[in-house]
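The values are calculated or read from the model by the stated rules, or taken from the named source; none is laboratory data. Fair warning: this is a prediction, and the values are worked out from it, not measured in the lab. All Cβ positions, glycine included, derive from the backbone under ideal geometry; neighbour counts span all protein chains shown. The protein model used for the area step is the full one, side chains on, heavy atoms only, and it has no ligands, DNA or RNA in it. Shrake-Rupley method; radii C 1.70, N 1.55, O 1.52, S 1.80 Å.
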Amino acid sequence: MERDIIMNETKQYIVVKLGGEQYGIDISYVDNIVRMQKITRVPKVQPYFKGIINLRGEVVPVMSIRTKMGLSDDEFTDATRIIILKIEEQGSLGIIIDAVKEVVTLAKDEIDKVAYDAKDEKNNFINGIGKHGEELISLFDINCIIGEREAVL
């Protein structure tokens, strides 16, 4: 019986939309979801950093996942949101997404690992594919997204 509980360990993900694709963000990283607001530009930063916002007195850097992944530019609509991630060492970071869809709970057996291919940079941001009903959800590797590997190059 104890083995069954371990095998059926679940995690919750916030499902977001970027373009026509669905992505999952581990809910344990999510601190807040806020409406799009004025982003103050910061000079001489990587192109995917859009600037900073003031969130209840806290200055939070905001990043475009679309730009970092090499997708088309962000298109801001009424559904556009900034997801505030809490990362232990770095503090808070906002990521711009097209829309929040839902929260799903996935068991380990509903998640397939993605084979890592160093040549395919887009896959570096994904650490699994979740199967939720008939839908597939690409699961973000938050540590890869927030990592500063480009700064080393």
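Given H placed 1.01 Å from N in the peptide plane, which residues other than close sequence neighbours of Leu139 have an amide H under 5 Å from its amide H?
Here Gly24, Asn127, Gly128, Ile129, Gly130 satisfy the definition.
Can you list residues from other chains, or at least 5 along the same chain, whose modelled amide H is less than 5 Å from the amide H of Leu55?
The list, which skips near neighbours in sequence, is Val60.
Given a Förster radius of 35 Å and the C-beta distance between Thr105 and Asn54 as r, what FRET efficiency does 1/(1 + (r/R0)^6) yield to the nearest 0.05?
Result of the calculation: an efficiency of 0.55.
Expressed in nm to one decimal, what extension gain is obtained for the pair Glu21 and Ile129 from 0.36 nm per residue of sequence separation less their Cα-Cα distance?
Here the answer is 37.7 nm.
I'm spelling it out carefully: the read-out is semi-axes √(5λ) of the Cα gyration tensor in Å, the candidates are (i) 29, 22, 12; (ii) 27, 18, 16; (iii) 35, 17, 11, and one was derived from this structure. Which label?
The calculated read-out lines up with (ii).
Within the accessible area of the chain, what % is carbon and sulfur when the probe is 1.4 Å and the other protein chains stay in place?
Carbon plus sulfur share of accessible area: 51 percent.
For region 126-134, what does the Karplus curve 6.51 cos²θ - 1.76 cosθ + 1.60, with θ = phi - 60°, yield as ³J(HN,Hα) per residue in whole Hz, taken in order and with x for Gly and Pro?
For region 126-134, the Karplus-derived couplings read 10, 10, x, 10, x, 10, 10, x, 8 Hz, x marking Gly and Pro.
Go ahead and estimate [θ] at 222 nm for the chain from helices alone: -39,500 (n - 2.57) per DSSP H run with n ≥ 4, summed, over the residue count, rounded to 500.
After summing the helix terms and dividing by residue count, I get -2500 deg cm²/dmol.
Describe numerically, in nm with one decimal, the distance between label points set 7 Å from Cα along Cα→Cβ at Phe76 and at Val45.
For Phe76 paired with Val45, the spin-label model returns 1.5 nm.
How much accessible area per residue does the chain have, in Å², with a 1.4 Å probe?
61
Hey, can you grab everything whose amide H is under 5 Å from the amide H of Asn32? Only 5+ residues off in sequence or another chain; H modelled, so Pro and N-termini drop out.
Those qualifying (amide H under 5 Å, at least 5 residues apart or on another chain) are Ile84.
Which whole-number percent is the relative contact order of the chain (Cα, under 8 Å, 6+ apart)?
Relative contact order for the chain comes out at 25 percent.
Work out the FRET efficiency for Ala115 and Asn143 from their Cβ-Cβ distance, taking R0 = 22 Å, and round it to the nearest 0.05.
0.75
Given contacts defined as C-alpha pairs under 8 Å and at least six residues apart, what's the relative contact order of region 56-112, whole-number percent?
Relative contact order for region 56-112 comes out at 34 percent.
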